[in-house]
Amino acid sequence: MSNTSKRAPIFIVSACLIGINIRYNGENSLNKDVLSLFKKGIVIPICPEILGGLGVPRPKSTIKNDRVINEKGLDVTKNFEKGATEFLNFVKKITPDSIYLKEHSPSCGVKNTSINWKRQEGCGITTKLLINYGYKNIYGID
């Protein structure tokens with residue numbers, strides 16, 4: 001590759017946004033705009049909840065008092081934190097141009113997340129960690 005060559009843009013996306021059945025309920029949140037990124041560059045799908053050791057399907061979770069609690073009442077904060085850390089470690093290695101995350105998720109919410117079982121302003125565990133490490137090109141997708 002010559003010095004004048006430019007690399008293709010790299011996008012990291014929540015895996016559910018490209019149609020992978022990986023959400024808590026075993027479904028996806030396919031978004032055609034996110035799917036169109038494949039025509040523009042390299043798309044890497046990731047799910048921080050899976051990276052944190054949670055399965056599919058899994059009990060729905062919410063943020064309560066800075067902890068993540070699932071609908072069975074179990075504290076899964078460590079799983080969410082582990083997934084966020086693994087996601088961050090991957091982002092550091094890849095240095096993507098943009099990151100597209102599932103809005104309203106307790107992991108990936110960018111402007112809104114699940115707090116006390118309601119959609120509220122705030123960001124998820126993974127998004128908060130990315131922002132704390134200085135990442136700016138993060139977009140929440142419904």
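The values are calculated or read from the model by the stated rules, or taken from the named source; none is laboratory data. Nothing here was measured: the structure is a model prediction, and the numbers come from that model. Positions of Cβ are generated from backbone atoms using ideal geometry, with glycine treated the same way; all protein chains shown enter the neighbour counts.
Considering only residues that are more than 13 Å from the chain's Cα centre (by Cα), closer than 20 Å to Thr95 by Cβ and hydrophobic (A, V, I, L, M, F, W, C), which ones fall in the stretch 3-33?
Scanning the stretch 3-33 gives Ala8, Ile10.
Go through (1) surrounded by 13 or more Cβ atoms within 10 Å (Cβ to Cβ); (2) among the acidic types (Asp, Glu); (3) closer than 30 Å to Arg7 by Cβ one by one and return the number of the condition Asp142 breaks.
Evaluating Asp142 over (1) surrounded by 13 or more Cβ atoms within 10 Å (Cβ to Cβ); (2) among the acidic types (Asp, Glu); (3) closer than 30 Å to Arg7 by Cβ leaves (1) as the failure.
Any residue at all in the stretch 129-139 that is of a type in the set (D, E, K, R), under 17 Å from Val13 (Cβ atoms) and in contact with a Gly (Cβ under 7 Å, 6 or more places away or on another chain)?
Residues of the stretch 129-139 that are of a type in the set (D, E, K, R), as a first pass: 136.
If we keep only those that are under 17 Å from Val13 (Cβ atoms) too, we end up with 136.
Imposing the further condition that a residue be in contact with a Gly (Cβ under 7 Å, 6 or more places away or on another chain) reduces the set to none.
No, the stretch 129-139 contains no residue that is of a type in the set (D, E, K, R), under 17 Å from Val13 (Cβ atoms) and in contact with a Gly (Cβ under 7 Å, 6 or more places away or on another chain).
Mind checking which pairs have a first residue in the stretch 16-41 that is over 17 Å from Gly140 (Cβ atoms) and surrounded by 13 or more Cβ atoms within 10 Å (Cβ to Cβ) and a second that is modelled with pLDDT of 95 or more and aromatic (Phe, Trp, Tyr), Cβ under 9 Å, 6 or more apart or different chains?
Note: pairs meeting the criteria are Gly41/Phe11.
Of all residues in the stretch 121-137, which are surrounded by 13 or more Cβ atoms within 10 Å (Cβ to Cβ) and under 23 Å from Arg67 (Cβ atoms)?
Step one: list which residues in the stretch 121-137 are surrounded by 13 or more Cβ atoms within 10 Å (Cβ to Cβ), which gives 122-131, 135.
Correct list: Gly122, Cys123, Gly124, Ile125, Thr126, Thr127, Lys128, Leu129, Leu130, Ile131.
Search the stretch 57-96 for residues being at positive phi and of a type in the set (S, T, N, Q), and hand back the single one that is surrounded by the most Cβ atoms within 10 Å (Cβ to Cβ).
Step one: filter the stretch 57-96 for residues at positive phi, giving 65-66, 73, 95.
Filter again for of a type in the set (S, T, N, Q), leaving 65, 95.
Working: Asn65: 7, Thr95: 9.
Among those that are at positive phi and of a type in the set (S, T, N, Q), it is Thr95.
Closer than 20 Å to Leu129 by Cβ and not polar (S, T, N, Q) - does that describe any residue in the stretch 28-45? Break it down into steps so the answer makes sense when it comes.
Going residue by residue through the stretch 28-45, those that are closer than 20 Å to Leu129 by Cβ are 44-45.
Retained after the next criterion (residues that are not polar (S, T, N, Q)): 44-45.
For the stretch 28-45, residues closer than 20 Å to Leu129 by Cβ and not polar (S, T, N, Q): present.
Scan the stretch 78-96 and give yes if some residue there is in a strand (DSSP E or B) and within 23 Å of Asn137 (Cβ to Cβ), otherwise no.
Residues of the stretch 78-96 that are in a strand (DSSP E or B), as a first pass: none.
Checked against the condition, which is being in a strand (DSSP E or B) and within 23 Å of Asn137 (Cβ to Cβ), the stretch 78-96 yields no hits at all.
Got a number for residues in the stretch 21-54 being among the β-branched types (Val, Ile, Thr) and within 19 Å of Pro106 (Cβ to Cβ)? It would help to see each step written out before you state the result.
Our first condition is that a residue be among the β-branched types (Val, Ile, Thr); within the stretch 21-54, this holds for 22, 34, 42-44, 46, 50.
Still in the list and also within 19 Å of Pro106 (Cβ to Cβ): 22, 46, 50.
Residues in the stretch 21-54 being among the β-branched types (Val, Ile, Thr) and within 19 Å of Pro106 (Cβ to Cβ): 3 in total.
Taking the stretch 101-142 only, how many residues are assigned to a strand (DSSP E or B) and either farther than 21 Å from Leu54 by Cα or among the basic types (Lys, Arg) (or both)?
Of the residues in that region, 10 qualify.
Before we move on, is Ile99 without any contact (Cβ under 8 Å) to a residue 40 or more places away in the chain, among the hydrophobic types (A, V, I, L, M, F, W, C), over 22 Å from Asn25 (Cβ atoms) and surrounded by 13 or more Cβ atoms within 10 Å (Cβ to Cβ)?
Details: without any contact (Cβ under 8 Å) to a residue 40 or more places away in the chain: no; among the hydrophobic types (A, V, I, L, M, F, W, C): yes; over 22 Å from Asn25 (Cβ atoms): yes; surrounded by 13 or more Cβ atoms within 10 Å (Cβ to Cβ): yes.
In short, no.
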